[in-house]
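Colleague: The structure is given below, and queries will be raised subsequently.
The values are calculated or read from the model by the stated rules, or taken from the named source; none is laboratory data. It should be emphasised that the depicted structure is a prediction, and the values quoted were computed from it without experimental measurement. Please note: Cβ atoms are built from the backbone with ideal geometry, for glycine as well, and neighbour counts cover all protein chains shown. Only protein heavy atoms, including side chains, enter the accessible area calculation; ligands, DNA and RNA are left aside. Shrake-Rupley method; radii C 1.70, N 1.55, O 1.52, S 1.80 Å.
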Amino acid sequence: MTTTPGPTKTWLDVPADHLFGIDNLPYGVVSTTADPTPRVGVRIGDLVLDAGAVAAIGRDAGQVGDGPDLATAWQTPSLNAFLALGRPAWTAARAWLREVLTDEVHRDGVSPHLHPLEDVRMHLPIEVADYVDFYASEDHASNVGKIFRPDNAALPPNWKHLPIGYHGRSGTVVVSGTDVVRPTGQRKGPADPAPVYGPSIRLDIEAELGYVVGGSTQLGTRISVDDASDHLFGVVILNDWSARDIQAWEYVPLGPFLGKSFATTISAWVTPLEALDAARVPLPGQSDPEVLPYLRGDAFGLDVHLEVALNGTVVSRPEHAGMYWSPAQMLAHLTVNGASVRDGDLFGSGTVSGPQRETRGSLLELTWNGTEPLTLADGSTRGFLEDGDTVTMTAWAPGPGGTRIGLGEATGTISPAR
Ligand code: CA
């Protein structure tokens with residue numbers, strides 16, 4: 001994939017160091033008081049472009065050629081119709097957005113369709129088709145292994161041969177800002193004589209990136225590592241809320257279930273993969289053992305810097321560049337058995353954790369299963385989350401020419417069990 005060509009100066013008054021400059025242009029689904037119908041919006045600076053309305057002007061004026069009808073795709077309440085158009089249309093759309101936001105000739109036509117961010121309501125950006133969560137950080141997998149299975153090897157024997165994942169619950173993916181109700185369920189500690197039922201007492205977070213998929217495929221076909229970028233539309237920040245006590249009791253032998261399925265928060269903005277061209281980095285290394293041929297190819301990493309704040313106190317800064325597996329390999333593995341993908345599929349990277357304590361992406365690891373509590377700015381301590389706690393994850397990546405690409409935020413507040 002090549003960097004989108006075109007001018008880099010916008011006629012809008014956006015500072016060069018803004019996290020949402022002309023090289024970012026993330027997509028979301030928005031509504032306004034004047035027009036409460038959710039439709040696709042594109043962020044530039046602290047404004048949101050009503051993308052479908054502007055595309056309709058271009059279409060009606062005959063300025064748009066024989067390509068897909070972006071105005072129609074963008075005047076729908078999710079990104080899925082746009083995701084269905086595929087990589088060539090995504091690239092053309094981005095080039096067109098850059099043109100109308102940089103060429104002064106479009107200023108008068110576009111300006112009425114720019115809304116201040118504070119006047120815009122954000123909605124879940126995609127109608128999530130299938131949701132899969134991977135487990136791609138070696139440090140996270142090792143830490144969890146030591147905590148949950150202290151008598152065994154930290155990494156399971158398959159871990160360096162395939163990107164481990166599980167199918168999650170697409171219907172409980174929520175947009176940033178949605179409250180999260182404390183889950184209730186069964187738990188049983190190793191020393192407990194019998195399971196008990198009640199609200200989770202070990203409610204946790206997992207700081208991840210989520211990858212949004214488009215360009216659906218046919219059942220029985222595979223996506224290669226080299227072709228993955230044709231189906232990887234973009235990236236969101238993802239918080240895989242996790243009830244560790246429910247999880248620990250239920251997960252053998254079929255993996256995560258109710259300890260994860262109650263809620264997954266994603267950022268409202270989907271950052272196009274093209275905006276992360278300058279953030280592509282080599283993977284840390286997969287030579288020992290070498291992976292099977294179907295997992296080889298353009299397996300890029302992404303240099304995305306995450307930050308996790310709990311009630312305003314930064315508790316972790318995970319580095320996505322350290323992930324062992326590439327999203328391209330995850331997509332190749334996800335489809336190697338012939339499973340098709342659908343527009344709006346979402347898969348998570350797995351918790352992003354690094355070797356240092358301050359780069360661990362879950363409270364499980366940060367507090368070592370609650371035994372080393374964190375101290376927050378107000379002097380209170382946390383092993384796991386309390387009712388009323390707010391967790392906010394933010395992220396940025398390097399952009400072209402020393403700029404930074406913001407990924408927005410994924411935030412949520414815990415409300416009491418019902
Ligand atoms: Ca996870």
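Colleague: Can you run down the residue pairs with Cβ atoms below 7 Å, 6 or more apart or on separate chains, where the first is in segment 157-172 and aliphatic (A, V, I, L, M) and the partner is surrounded by 14 or more Cβ atoms within 10 Å (Cβ to Cβ) and not in a loop (DSSP other than H, G, I, E, B)?
Modeller: Correct list of pairs: Leu162/His333; Ile164/Phe134.
Colleague: Identify the residue in segment 202-255 that is aromatic (Phe, Trp, Tyr) and in a strand (DSSP E or B) and, among all such residues, is nearest to Ala328 (Cα to Cα).
Modeller: Only one residue fits best here, namely Tyr211.
Colleague: Still on this structure: Condition test on Ala377, is it surrounded by fewer than 17 Cβ atoms within 10 Å (Cβ to Cβ) and hydrophobic (A, V, I, L, M, F, W, C)? Step through it out loud before you land on a result.
Modeller: Details: surrounded by fewer than 17 Cβ atoms within 10 Å (Cβ to Cβ): yes; hydrophobic (A, V, I, L, M, F, W, C): yes.
Taking the combined requirement at face value, the residue satisfies it.
Colleague: Checking the condition more than 15 Å from the ligand (Cβ to nearest atom), in contact with a Leu (Cβ under 9 Å, 6 or more places away or on another chain) and of a type outside the set (Gly, Ala, Ser), which residue from Pro157, Pro150, Pro125, Pro163 passes? First the steps, then the outcome.
Modeller: On the way: Pro157 fails: in contact with a Leu (Cβ under 9 Å, 6 or more places away or on another chain); Pro150 fails: in contact with a Leu (Cβ under 9 Å, 6 or more places away or on another chain); Pro163 fails: more than 15 Å from the ligand (Cβ to nearest atom).
One residue alone meets the criteria, Pro125.
Colleague: Go over the candidates Thr403, Thr351 one by one and state the one that is open to solvent by 10 Å² or more (accessible area, probe 1.4 Å) and assigned by TED's automatic domain parsing to the domain that holds His167. Working first, answer last.
Modeller: Numbers: Thr351 fails: open to solvent by 10 Å² or more (accessible area, probe 1.4 Å).
Residue meeting the stated conditions: Thr403.
Colleague: Looking at Gly177, Gly189, Gly171, Gly185 in this structure, which one is assigned to a helix (DSSP H, G or I) and either within 16 Å of the ligand (Cβ to nearest atom) or closer than 30 Å to Thr413 by Cα (or both)? Give the derivation first.
Modeller: Values: Gly177 fails: assigned to a helix (DSSP H, G or I); Gly189 fails: assigned to a helix (DSSP H, G or I); Gly185 fails: assigned to a helix (DSSP H, G or I).
Gly171 is the lone residue from the list that is assigned to a helix (DSSP H, G or I) and either within 16 Å of the ligand (Cβ to nearest atom) or closer than 30 Å to Thr413 by Cα (or both).
Colleague: Here's something else I'd like to know. For the list (1) in the same structural domain as Phe347 (by TED's automatic domain parsing); (2) open to solvent by 40 Å² or more (accessible area, probe 1.4 Å), I need the number of the one condition that Pro163 fails.
Modeller: (2)
Colleague: Could you please give the count of residues in segment 349-373 that are in contact (Cβ under 8 Å) with a residue 24 or more places away in the chain and either of a type in the set (A, V, I, L, M) or part of a helix (DSSP H, G or I) (or both)?
Modeller: Just the residues of segment 349-373 that are in contact (Cβ under 8 Å) with a residue 24 or more places away in the chain, to begin with: 349-355, 358-366, 368-370.
Next, only the ones that are either of a type in the set (A, V, I, L, M) or part of a helix (DSSP H, G or I) (or both) stay: 352, 358-359, 363-366.
Total meeting the criteria: 7.
Colleague: When you scan segment 31-118 for helices (runs of 4 or more DSSP H) that lie fully inside it, which ones turn up with 1 or more residues that are open to solvent by 60 Å² or more (accessible area, probe 1.4 Å) and not acidic (Asp, Glu)? Working first, answer last.
Modeller: Numbers: elements: 51-60, 70-74, 80-83, 87-102, 107-110.
Passing ranges, in order: 51-60, 70-74, 87-102, 107-110.
Colleague: So Gln329 ticks every box in (1) part of a loop (DSSP other than H, G, I, E, B); (2) among the polar types (S, T, N, Q); (3) open to solvent by less than 10 Å² (accessible area, probe 1.4 Å) but one. Which box is left unticked?
Modeller: Tallying (1) part of a loop (DSSP other than H, G, I, E, B); (2) among the polar types (S, T, N, Q); (3) open to solvent by less than 10 Å² (accessible area, probe 1.4 Å), Gln329 fails exactly one: (1).
Colleague: Right, another one. What are the residues in segment 245-255 that are buried (at least 20 other Cβ atoms within 10 Å of the Cβ) and within 12 Å of the ligand (Cβ to nearest atom), if any?
Modeller: Gln247 - this is the single residue of segment 245-255 that is buried (at least 20 other Cβ atoms within 10 Å of the Cβ) and within 12 Å of the ligand (Cβ to nearest atom).
Colleague: Thr351 - would you say it is within 16 Å of the ligand (Cβ to nearest atom) and either at pLDDT below 95 or polar (S, T, N, Q) (or both)?
Modeller: Numbers: within 16 Å of the ligand (Cβ to nearest atom): yes; either at pLDDT below 95 or polar (S, T, N, Q) (or both): yes.
So Thr351 fits the description; yes.
Colleague: I'm told Ser142 meets every condition in (1) in a helix (DSSP H, G or I); (2) within 16 Å of the ligand (Cβ to nearest atom); (3) touching a residue at least 60 places away in the same chain (Cβ under 8 Å) except one. Can you identify the failing condition by its number?
Modeller: Status for Ser142: all satisfied but (3).
Colleague: Still on this structure: Going residue by residue through segment 261-269, is there one that turns out to be aromatic (Phe, Trp, Tyr), in a strand (DSSP E or B) and within 19 Å of the chain's Cα centre (by Cα)? Write out each step before concluding.
Modeller: Taking segment 261-269 and keeping what is aromatic (Phe, Trp, Tyr), we get 262, 269.
Checking the rest, the ones that are also in a strand (DSSP E or B) come to none.
The answer is no; no qualifying residue exists.
Colleague: Conditions first: (1) within 16 Å of the ligand (Cβ to nearest atom); (2) over 23 Å from Thr264 (Cβ atoms). Thr217 passes all but one, so which condition is the exception?
Modeller: Going through the list (1) within 16 Å of the ligand (Cβ to nearest atom); (2) over 23 Å from Thr264 (Cβ atoms), Thr217 breaks only (1).
Colleague: Can you confirm whether Val40 is at pLDDT 95 or above, in contact with a helix residue (DSSP H, G or I) (Cβ under 9 Å, 6 or more places away or on another chain) and at negative phi?
Modeller: On the way: at pLDDT 95 or above: yes; in contact with a helix residue (DSSP H, G or I) (Cβ under 9 Å, 6 or more places away or on another chain): yes; at negative phi: yes.
Answer is yes for this residue.
Colleague: Let me ask something else about it. From the set of residues in segment 130-139 that are open to solvent by 20 Å² or more (accessible area, probe 1.4 Å) and either among the polar types (S, T, N, Q) or away from the ligand (no atom under 13 Å from the Cβ) (or both), which is farthest from Arg360 (Cα to Cα)?
Modeller: The initial filter retains those residues of segment 130-139 that are open to solvent by 20 Å² or more (accessible area, probe 1.4 Å), namely 130, 135, 138-139.
Now narrow it down to the ones that are either among the polar types (S, T, N, Q) or away from the ligand (no atom under 13 Å from the Cβ) (or both): 130, 138-139.
Details: Asp130: 27, Glu138: 11, Asp139: 8 Å.
That would be Asp130.
Colleague: List pairs: first in segment 103-131 and in the same structural domain as Asn80 (by TED's automatic domain parsing) and closer than 13 Å to Leu12 by Cα, second assigned to a strand (DSSP E or B) and among the hydroxyl-bearing types (Ser, Thr, Tyr), Cβ under 8 Å, 6+ apart or cross-chain?
Modeller: Close Cβ pairs (under 8 Å, with a partner that is assigned to a strand (DSSP E or B) and among the hydroxyl-bearing types (Ser, Thr, Tyr)) amount to His115/Thr32.
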